[in-house]
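*Asks:* One structure is given below, represented as structure tokens, and several questions about it will come after.
The values are calculated or read from the model by the stated rules, or taken from the named source; none is laboratory data. Keep in mind it's a predicted model, so treat the numbers as computed, not measured. Cβ coordinates were reconstructed from backbone atoms using ideal geometry, including for glycine residues, and neighbour counts include every protein chain displayed. Note: areas computed on protein heavy atoms with side chains; ligands, DNA, RNA excluded. Shrake-Rupley method; radii C 1.70, N 1.55, O 1.52, S 1.80 Å.
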Amino acid sequence: MDLNIVNQILEPYLKEHNLKLYNVELVKEFGSLILRVSVDKKDGIDVDELALVNDYLSERLDAYDSDMPEYMLEVCSKGAEMPLKTIEEVKEHIGSYVHIEVLNMIYEGVLEDVLDNNLTVRINAKGRFKTVVIQYENIKNIRLAVKI
């Protein structure tokens, strides 16, 4: 199955319900094939909404998956520690607590701003708050983080 079909099927539903598609992947875990679809919305998504997306997609996939081996459909949220894959996704999460890895350094703090591909992050350095500016092109990994 072409995974772009999932995007096409979901597009009108997502638009109508103000949801965003984050990822579609076909993975094999513990001997089972899983079609994993990650969706979310600005203020978070609950289990009931995920179930509705699952029902909508499941009903419509039947027309496209006849050539597929047996698989499980999993509709889930992006997760509390979602990787931010593009500068646009980073910009959408201004105000969020993030984990950033650059060469020889790891930062965790609140993403305060993104301007000209420079991220301004407020971190707690040994009990003192300070602001650091990190160039996006120097980032090896950036994801949302859970503050404990």
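*Asks:* Would you mind giving the three semi-axes, in whole Å and largest first, of the ellipsoid equivalent to region 1-58 according to its Cα gyration tensor?
*Replies:* Working: eigenvalues 82, 37, 20 Å².
The answer is 20, 14, 10 Å, longest axis first.
*Asks:* Sticking with this one: Using a cut-off of 16 Å between alpha-carbon atoms, which lysines can reach LYS20, once sequence neighbours fewer than 8 places away in the same chain are excluded?
*Replies:* LYS41, LYS42, LYS78, LYS85, LYS91
*Asks:* Let me ask another. Counting only C-alpha contacts under 8 Å and six or more residues apart, can you give the relative contact order of the chain as a whole percent? Could you put the intermediate results ahead of the total?
*Replies:* Values: 230 pairs, mean separation 27.2, N = 148.
Here the relative contact order equals 18 percent.
*Asks:* So, one more: About its Cα centre, how strong a charge dipole does region 1-94 have in debye, to the nearest 20, once Lys and Arg get +1 and Asp and Glu get -1 at the Cβ? Working shown, then result.
*Replies:* Values: 10 positive and 21 negative charges, 73 e Å.
Charge dipole, region 1-94, about its Cα centre: 340 debye, nearest 20.
*Asks:* Quick one: 3J(HN,Hα) in Hz for region 131-142, Karplus 6.51/-1.76/1.60 with θ = phi - 60°, rounded, Gly and Pro as x.
*Replies:* 10, 10, 10, 10, 6, 4, 5, 8, 7, 7, 7, 9
*Asks:* Residues with amide H under 5 Å of GLU112's amide H, sequence separation 5 or more or different chain, H placed in the peptide plane at 1.01 Å from N; which?
*Replies:* Counting only residues 5 or more places away or on other chains, the set is GLY95, THR120, VAL121, ARG122.
*Asks:* Computing the accessible area with a 1.4 Å probe over protein heavy atoms, can you report the carbon and sulfur percentage for region 16-148?
*Replies:* On the way: 4120 of 8620 Å².
Carbon and sulfur atoms account for 48 percent of the accessible area of region 16-148.
*Asks:* Oh, and also: Rounded to two decimal places and with Rh computed the Kirkwood way over Cα pairs, what is Rg over Rh for the chain? Spell out each step's value before the answer.
*Replies:* Working: Rg = 18.4 Å, Rh = 17.3 Å.
Looking at the chain, the ratio lands at 1.06.
*Asks:* Taking the radius of gyration and the Kirkwood hydrodynamic radius from Cα positions alone, what is the Rg/Rh ratio for region 96-135, to two decimal places?
*Replies:* Values: Rg = 9.7 Å, Rh = 10.3 Å.
So for region 96-135, dividing Rg by the Kirkwood Rh gives 0.94.
*Asks:* First obtain the Kirkwood hydrodynamic radius of region 81-148 from its Cα pairs, then insert it into the Stokes-Einstein equation at 4 °C and 1.567 mPa s, and state the resulting D in µm² per second as a whole number.
*Replies:* Numbers: Rh = 11.8 Å.
My calculation gives 110 µm²/s for D.
*Asks:* Whole number in Å², please: accessible area per residue of the chain, 1.4 Å probe, ligands, DNA and RNA not counted. Display every interim value, and only then the final one.
*Replies:* Numbers: 9520 Å² over 148 residues.
Accessible area per residue, the chain: 64 Å².
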